[in-house]
Structure formats: C-alpha cells, structure tokens
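Peer 1: Right, I'll just put the structure down here and ask away after.
The values are calculated or read from the model by the stated rules, or taken from the named source; none is laboratory data. Here the structure is a predicted model, which is why all the values come from computation and not from measurement. Here the Cβ positions follow ideal geometry from the backbone for every residue, glycine too, while neighbour counts run over all protein chains shown.
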Amino acid sequence: MGTVLKNRQALAEHFAALGFNVGVEVGVCHGEYSKVLLRAMPGLTLYGVDSYRRRPSDRKVADERLAEWIAEGRFTMLQMSSTRAMGLFGRGSVDFVSSTRATCIRASTKTSRAGRRRCGAAAP
C-alpha cells in the first residue's frame, strides 16, 4: 500500500525526501503552493504554468510572492496554457507535475503500468 499524505505541505516534504530537483506546478494563481514547494526543497527548480486569462492581476501577486526564488533562478513563470507548456518539457525532464487537480510523479520501477499511463509517463 502507498504512502498516505495528509496535506500539500506533507506532499512537498515527501518530494524533498525523494530527492526531487525539478518540478512543474500547473495553476500557480498567487503562488501560495509554489512557495511551499520551494521552501520544502532547497535544491528545487520549479516551473510555474498559468495562463492568467481570467485574472491577469494575479500574475503580479505571484511575481511579488515568489520574487526571492525568481531572482535566484529557482522559479520560472510560464504564462501560457498547460497544453502549450507540455511541449516545452521532454520525457523524463521533470521529477513531478503538481496541479490543484492531481499530482503525478516520475515513474519508478515500483509504479504500476496503469499508474504510469495515468500520469503521462512512459509505460515500458
């Protein structure tokens, strides 16, 4: 049976324990969870994806909230749709993709074939 995590902070800590270094967060909004991820994983390079079509002013809030990590080169905002952003990352180039709807992690040898298909990873 897999690990049950009680909240998104615990998920960030779990990713850190797994040694993840590159991640994508889809649906950044104000950058609240981006900040949690970056604090929990000191070596993380995080790409944020959000079109900001509904509320363009939210981008400014996110930029201000994440300014420290943007300046360090640890956070890059990609203002585009998630579909467009998918084309920027090669297979296996990121350790995890997190969104408000689902989180998928890099497939390991212990991950089921069906689980890898759900996360969009290659199924050998």
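Peer 1: All but one of (1) in a loop (DSSP other than H, G, I, E, B); (2) closer than 17 Å to residue 85 by Cα hold for residue 59; state the number of the condition that does not hold.
Peer 2: (1)
Peer 1: Find the residue count for segment 10-34, including only residues that are outside any loop (DSSP other than H, G, I, E, B) and either in contact (Cβ under 8 Å) with a residue 60 or more places away in the chain or in contact with a helix residue (DSSP H, G or I) (Cβ under 6 Å, 6 or more places away or on another chain) (or both).
Peer 2: Here the count works out to 11.
Peer 1: Looking at segment 35-51, which of the residues that are out of contact with any helix residue (DSSP H, G or I) (no Cβ under 7 Å at 6 or more places or on another chain) and in a strand (DSSP E or B) is surrounded by the fewest Cβ atoms within 10 Å (Cβ to Cβ)?
Peer 2: Among residues in segment 35-51 that are out of contact with any helix residue (DSSP H, G or I) (no Cβ under 7 Å at 6 or more places or on another chain) and in a strand (DSSP E or B), the one surrounded by the fewest Cβ atoms within 10 Å (Cβ to Cβ) is 45.
Peer 1: Of everything in segment 1-28 that's of a type outside the set (Gly, Ala, Ser) and modelled with pLDDT under 90, which residue is surrounded by the most Cβ atoms within 10 Å (Cβ to Cβ)?
Peer 2: 8
Here is a yes/no grid of residues against (1) under 23 Å from residue 9 (Cα atoms); (2) in a strand (DSSP E or B); (3) modelled with pLDDT under 95:
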site	(1), (2), (3)
64	yes, no, no
69	yes, no, no
76	yes, yes, no
85	no, no, yes
91	no, no, yes
97	yes, yes, yes
101	yes, no, yes
108	yes, no, yes
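Peer 1: I've got another one for you. List every residue pair whose Cβ atoms sit under 6 Å apart, with the two residues 6 or more apart in sequence or on different chains, where the first one lies in segment 72-83 and is within 16 Å of residue 94 (Cα to Cα) and the second, anywhere, is part of a helix (DSSP H, G or I).
Peer 2: Short answer, once both residue conditions are applied: 75/69; 78/85.
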